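Notes follow the structure.
The values are calculated or read from the model by the stated rules, or taken from the named source; none is laboratory data. The shown structure was predicted, so the numbers you read here are calculated from the model rather than taken from an experiment. Here Cβ is always computed from backbone atoms with ideal geometry, including for glycine, and neighbour counts include all displayed protein chains.
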Amino acid sequence: MDPLNRFPQVMQEYLVSRVREVNAANRERIMALRTKKDALAYQDQLRRDMRKVFGAKPRRTPLNPRVTGVIERDGYRVENIIIDSRPDFPVTGNLYVPEGRIEPGPAVLGVCGHSGEGKACDAYQSFCQGLVTKGYVVFIFDPLSQGERLQYHDGEGGSTVGPCTAEHNFMGRQTILTGEFFGSWRVWDGMRGLDYLLSRPEVDPDCIGLTGNSGGGTMTTLILANDERFAMAAPSCYITSWQCNAENELPADAEQQPPNALGLGMEMNDLLMLQAPKPLIVLTQEQDYFDQRGALDTYEKLKHFWKLLGAEDNVEFFTGPRPHGYWIENREAMYGFFNKHAGVKAPKKEPEITIEDQPTLWCTETGQVDEMNPATVSDFVRDRSQMLGEKRGEVSGEKLVKSVGKLLNLPKREGQPWYRCLRPVSGREWPRAAAASYMLETEPEHGGRCLVYKLDDAARASRPLVGKGPATLYLPFRSSDEELREDPLAKKLAKDEAFFACDYRGIGELIPNACGARTFDNIYGNDYFYASYGEMLSEPYMGWRVHDVLCTLDFMAEYGYDQVHLAGCGWGGMVAAFVALLDDRVKQVTLKNVPISYSEMAETRMNEWRQSAMLPYVLENFDLPDIYRALQGKKLQIIQPLSAEMKRMAKKTALARLEEAGLKPSILG
């Protein structure tokens with residue numbers, strides 16, 4: 001029997017409403033700027049806001065550059081170079097140097113898009129060769145999880161978790177727990193790449209450009225938001241608007257979803273505005289999946305902003321005729337733009353390109369840096385998690401409640417939620433004959449909803465009857481409908497006299513059909529899509545779900561059910577734990593298949609919990625054992641806890657983990 005799924009568009013329409021509101025306010029604010037003073041003040045605010053998005057920068061440590069090979073070609077040479085952007089954290093790159101270059105001249109930092117080959121990808125070799133033959137020094141490096149820098153290397157040249165972007169999202173799950181944005185790791189590699197260029201005698205420090213395509217267009221944009229040393233820039237095939245990406249159900253990579261950006265009122269254009277009034281060209285493709293309408297809207301705002309700074313001619317827009325990619329038309333537009341602003345007397349036409357074999361451009365012997373046994377991102381996250389744990393200690397009482405409330409950033413609840421009485425549900429092979437079903441409007445302004453069942457022995461199409469005594473509320477792992485048929489705990493609890501179940505946002509009847517059919521479990525599926533946008537809005541998906549359940553408790557209390565046994569399974573159990581901490585109407589708590597700690601997720605390379613289970617910045621403030629300790633006074637039981645790999649623990653292992661977390665073994669059900 002297929003689970004019920006009558007409302008698969010609720011989350012999509014909610015997100016679109018939220019992001020449209022941000023975009024409209026952003027446009028109004030920018031177009032209302034009237035003077036140079038206004039524009040400079042706006043830039044000052046952006047600098048402050050960027051720190052809230054990207055966090056603090058690491059300490060600059062020695063680059064330790066080493067040349068592992070030199071390739072001589074007609075008119076230029078390529079140096080295969082390794083630098084350390086952090087201690088024991090190698091970055092592989094190719095430096096293209098024009099033949100005979102001695103005096104300082106123009107240079108370009110190249111940032112790669114999402115290609116498994118990294119710096120050796122045909123399009124990226126092409127623009128490097130095109131630039132070096134026109135007189136530019138070019139340094140292009142492998143991003144994390146691409147080229148020679150796999151972070152989950154299988155020992156045979158591939159990745160254990162999938163293509164490069166899958167690795168990015170695995171790391172994104174971990175870094176956000178310890179208060180870091182994965183994109184900031186990528187930005188730092190780029191900033192250290194610029195540091196390396198500036199160390200070269202062939203480079204004019206006042207004439208350095210930045211360009212990249214797709215994921216490289218992303219990194220061009222993010223680096224510009226963090227480093228104002230570039231004289232000119234050309235992001236390709238990335239710029240649109242976050243509104244368009246949301247409307248078009250386009251999940252983006254972990255580094256492409258900057259946390260808090262939308263919550264601070266930003267749009268994509270803001271990431272580029274710190275480049276003003278210096279030269280910038282936005283490169284797009286007519287047939288790109290990045291919506292051209294969003295790109296044009298962004299350009300209109302940029303043009304207005306540059307004009308206020310007296311440099312309207314320094315910002316340009318180019319659209320190639322093809323699908324997504326750094327095709328020759330876009331590359332030649334970039335050459336012409338850079339030549340104009342660098343004073344280079346060279347044609348914009350691209351010369352004939354000879355693509356090198358990947359091993360020729362390798363900086364390592366095997367084509368992977370793990371031959372050097374370096375630190376990985378997971379290693380750094382593990383160490384940071386442990387440091388935060390020692391610094392944090394146990395968190396309890398009012399401090400814990402305030403920390404939870406701050407991180408969840410819950411919407412306001414204003415009285416009893418309005419609800420719709422839906423047709424009763426029957427014939428689902430549940431433990432009771434039928435269920436009244438109610439659609440609660442938990443965020444009516446934007447269409448936030450949850451679905452509540454009240455099981456009964458006869459069909460009911462009206463509002464609930466006023467009840468007496470305690471009630472049970474069940475929060476499912478995936479679907480109330482399915483678990484009421486198949487899960488032993490749900491089936492047992494459903495026999496309680498007053499039993500409710502809640503499909504909170506994105507679960508059960510509200511599982512979205514966005515981002516392609518049945519993509520919930522995909523690394524780029526709809527669970528990830530909405531969770532990443534929640535992080536951008538400074539409102540984690542977990543907070544939206546907790547809010548739905550608190551509204552459900554309000555609904556139940558209106559009809560006399562204000563003494564609640566709250567039970568939850570999987571991420572429903574995690575939601576239940578937060579709700580139980582925040583609401584005194586919960587008198588008993590049963591959690592099944594929950595993780596024991598966020599720190600275990602952060603410290604496990606293969607953390608398999610979905611993005612919606614992640615709570616950004618949590619380990620800077622508290623951990624799940626703090627919540628569980630606080631709930632021990634509410635008859636807490638934890639049944640069959642799951643590991644970070646989402647595997648059931650043996651009882652002996654679970655008891656040991658509980659003991660390590662300072663929890664009573666008696667809570668293990």
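Descriptive notes on the structure:
- Taken over the stretch 654-669, the criterion of being in a helix (DSSP H, G or I) and more than 16 Å from K592 (Cα to Cα) is satisfied by A656, E659, E660.
- Test result for G110, crowded, with 24+ Cβ neighbours inside 10 Å, touching a helix residue (DSSP H, G or I) at 6+ places or on another chain (Cβ under 9 Å) and at positive phi: no
- In the set M50, M11, only one residue is assigned by TED's automatic domain parsing to the domain that holds L250 and crowded, with 18+ Cβ neighbours inside 10 Å; that residue is M50.
- Sole residue being among the hydroxyl-bearing types (S, T, Y), under 19 Å from D562 (Cβ atoms), in contact with an Asp or Glu (Cβ under 9 Å, 6 or more places away or on another chain) and modelled with pLDDT of 95 or more, chosen from Y474, Y438: Y474
- Residue within the stretch 249-264 that is touching a Cys at 6+ places or on another chain (Cβ under 9 Å) and outside any loop (DSSP other than H, G, I, E, B) present: no
- Scanning the stretch 172-225 for residues that are assigned to a helix (DSSP H, G or I), of a type in the set (D, E, K, R) and out of contact with any Phe, Trp or Tyr (no Cβ under 8 Å at 6 or more places or on another chain) returns R186, R192, D195.
- Contact map, the stretch 454-474: residues that are touching a residue at least 24 places away in the same chain (Cβ under 8 Å) paired with residues that are assigned to a loop (DSSP other than H, G, I, E, B) and polar (S, T, N, Q), Cβ distance under 6 Å, separation 6+ or inter-chain. Pairs shown: P470/Q563.
- Some residue of the stretch 56-77 being crowded, with 21+ Cβ neighbours inside 10 Å, among the small types (G, A, S) and either closer than 26 Å to P205 by Cβ or at pLDDT 95 or above (or both): no
- Exactly one residue out of L361, L283, L308 is surrounded by 18 or more Cβ atoms within 10 Å (Cβ to Cβ), touching a Phe, Trp or Tyr at 6+ places or on another chain (Cβ under 6 Å) and of a type in the set (A, V, I, L, M): that is L283.
Here is a yes/no grid of residues against (1) among the polar types (S, T, N, Q); (2) out of contact with any helix residue (DSSP H, G or I) (no Cβ under 7 Å at 6 or more places or on another chain):
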| residue | (1), (2) |
| --- | --- |
| D2 | no, yes |
| P8 | no, yes |
| D38 | no, no |
| N64 | yes, yes |
| L95 | no, yes |
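- Unique match (being over 30 Å from V618 (Cβ atoms), buried (at least 16 other Cβ atoms within 10 Å of the Cβ) and in the same structural domain as P616 (by TED's automatic domain parsing)) among L455, L408, L484, L422: L484
- Inclusion of D38 among residues that are closer than 30 Å to L197 by Cβ, modelled with pLDDT of 95 or more and outside any loop (DSSP other than H, G, I, E, B) is not warranted.
- Scanning the stretch 235-282 for residues that are over 21 Å from D49 (Cα atoms) and either of a type outside the set (F, W, Y) or free of Cβ contacts under 8 Å to residues at least 24 places away in the same chain (or both) yields a count of 17.
- Count of residues meeting criterion [part of a helix (DSSP H, G or I) and hydrophobic (A, V, I, L, M, F, W, C)] in the stretch 284-315: 6
- Failed criterion for L177 (all others in (1) surrounded by fewer than 23 Cβ atoms within 10 Å (Cβ to Cβ); (2) out of contact with any Lys or Arg (no Cβ under 6 Å at 6 or more places or on another chain); (3) over 17 Å from N269 (Cα atoms) hold): (1)
Residues are listed down the side, and each one gets a yes or a no for (1) under 26 Å from T218 (Cβ atoms); (2) among the aromatic types (F, W, Y); (3) touching a helix residue (DSSP H, G or I) at 6+ places or on another chain (Cβ under 7 Å):
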| residue | (1), (2), (3) |
| --- | --- |
| D291 | yes, no, yes |
| L296 | yes, no, no |
| E300 | yes, no, no |
| N330 | yes, no, no |
| Q358 | yes, no, yes |
| N373 | no, no, no |
| L388 | no, no, yes |
| R392 | no, no, no |
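- Just one of the numbered conditions (1) assigned to a helix (DSSP H, G or I); (2) aliphatic (A, V, I, L, M); (3) within 29 Å of Y14 (Cβ to Cβ) is not true of L274: (3).
- Residue satisfying condition, being farther than 20 Å from D554 by Cβ, part of a loop (DSSP other than H, G, I, E, B) and not assigned by TED's automatic domain parsing to the domain that holds T590, within set R478, R428, R463: R428
- If the condition is being among the basic types (K, R) and free of Cβ contacts under 8 Å to residues at least 24 places away in the same chain, then the stretch 501-555 contributes only R518.
- Counting only residues that are over 23 Å from the mean Cα position of the chain (by Cα), closer than 30 Å to I140 by Cβ and in a helix (DSSP H, G or I), the stretch 354-409 holds 8 of them.
- Look at the stretch 556-571: where a residue is assigned by TED's automatic domain parsing to the domain that holds Y504 and more than 17 Å from L455 (Cβ to Cβ) and a partner is part of a helix (DSSP H, G or I) and modelled with pLDDT of 95 or more, sitting 6+ places away or on another chain with Cβ atoms under 6 Å, you get W571/A613.
- Picking from residues in the stretch 289-305 that are of a type in the set (A, V, I, L, M, F, W, C) and touching a Ser or Thr at 6+ places or on another chain (Cβ under 7 Å), the one that is surrounded by the fewest Cβ atoms within 10 Å (Cβ to Cβ) is F290.
- Candidate set: the stretch 636-669, residues that are on the phi > 0 side of the Ramachandran plot and touching a residue at least 40 places away in the same chain (Cβ under 8 Å); chosen: the one surrounded by the fewest Cβ atoms within 10 Å (Cβ to Cβ): G662
- Residue in the stretch 140-152 that is crowded, with 24+ Cβ neighbours inside 10 Å, without any contact (Cβ under 8 Å) to a residue 60 or more places away in the chain, of a type in the set (A, V, I, L, M, F, W, C) and assigned by TED's automatic domain parsing to the domain that holds G190 present: yes
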